[in-house]
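The values are calculated or read from the model by the stated rules, or taken from the named source; none is laboratory data. Since the structure is predicted, the reported quantities are computational estimates derived from the model, not experimental observations. Because the Cβ atoms are built from the backbone with ideal geometry, glycine has one as well, and the counts that use them run over all protein chains shown. Ligands, DNA and RNA are stripped out before the accessible areas are found, and what is left, the full protein with its side chains, is counted by its heavy atoms. Shrake-Rupley method; radii C 1.70, N 1.55, O 1.52, S 1.80 Å.
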Amino acid sequence: MGTDSDSDSNGWGRARGLVVKAAVLLGGAVLLKRLTKSTTRWDHARIFTREQASRDPENFFNIRMLTCPAAEMVDGSKVLYFEQAFWRTPQKPFRQRFYMVKPCPKELKCDVEVSSYAIREVEEYKNFCDRSKDQRPLPDEVIGDIGEHLTTIHLKRCERGKRCLYEGSTPPGGFPNSWNGATYCTSELAVLRNNEIHTWDRGYDDDGNQVWGVKEGPYEFKPAPTSSFNDMFSLNFPPPQSMDKRIEGSFVLQE
């Protein structure tokens, strides 16, 4: 989320592959049947919140989310690199993570487990997906740089007739988090049939008060048609000072 002239509309048609194809490769027969109905491959996925930010600029930013495969663990789990950046400054991501994707343990009633991890040498991974492979850290280095476990989301396949393909959240009580007065955080994730990804991260204090994250609803990431790239810059953002205040209340920023 480099160059965004890649075919985003086609590329994010592969979005669900980045979340669920790991399970397919590891023997998920049910998922395989569904995914063979469309083309999927491990590749870049670039999605944006432009439409949502245009509709409600007071509560949502125009954000680019970029993810791509980074390594594979010995047990077959897939490690994805993930970053988010504001559209105007894609070279300066404000959030970078590794995601480990694998089938859910048998004892849990879910299909796919997605865990997020901090990155130890985070500066070395900026714009990782936009670099050629010989300019990226090697898979063994990626595995060595997997840091603190942050959250885990358990995804279930959606029932017939729903808008989503997969949806899920962190377990009750979330995971420890100390940013901006929080004591715990929660995350929700939905992979929609129309190739959108909806994410909702929030932090709470001991009294259950929300202290960071959007309150109005999840961020809605959609593929951006190539033809709309030039007018991506037409959004009217507030002055820098008020934007900084809003950013601090919306995201856990990296130092």
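Within the range 159-179, the set of residues being open to solvent by less than 40 Å² (accessible area, probe 1.4 Å) and over 28 Å from W212 (Cβ atoms) comprises L165 only. The sole residue among F251, F221, F233, F237 that is closer than 24 Å to I119 by Cβ and at pLDDT below 50 is F251.
The strands (runs of 3 or more DSSP E) found wholly in the range 41-130 and carrying at least 1 residues that are acidic (D, E) and open to solvent by less than 40 Å² (accessible area, probe 1.4 Å) occupy 78-86, 112-119.
Looking at the range 144-158, which of its residues are farther than 16 Å from F82 by Cβ and either open to solvent by less than 70 Å² (accessible area, probe 1.4 Å) or not basic (K, R) (or both)? Full working, then the answer.
From the range 144-158, those farther than 16 Å from F82 by Cβ are 144, 154, 156-158; that's our starting set.
Result: G144, H154, C158.
Which one of these is of a type in the set (D, E) and more than 25 Å from G76 (Cβ to Cβ): E113, E141, E159? Criteria check complete, one pass: E159. Which number in (1) assigned to a loop (DSSP other than H, G, I, E, B); (2) of a type in the set (G, A, S); (3) modelled with pLDDT of 95 or more marks the one condition that S187 misses? Answer for S187: the failing condition is (1).
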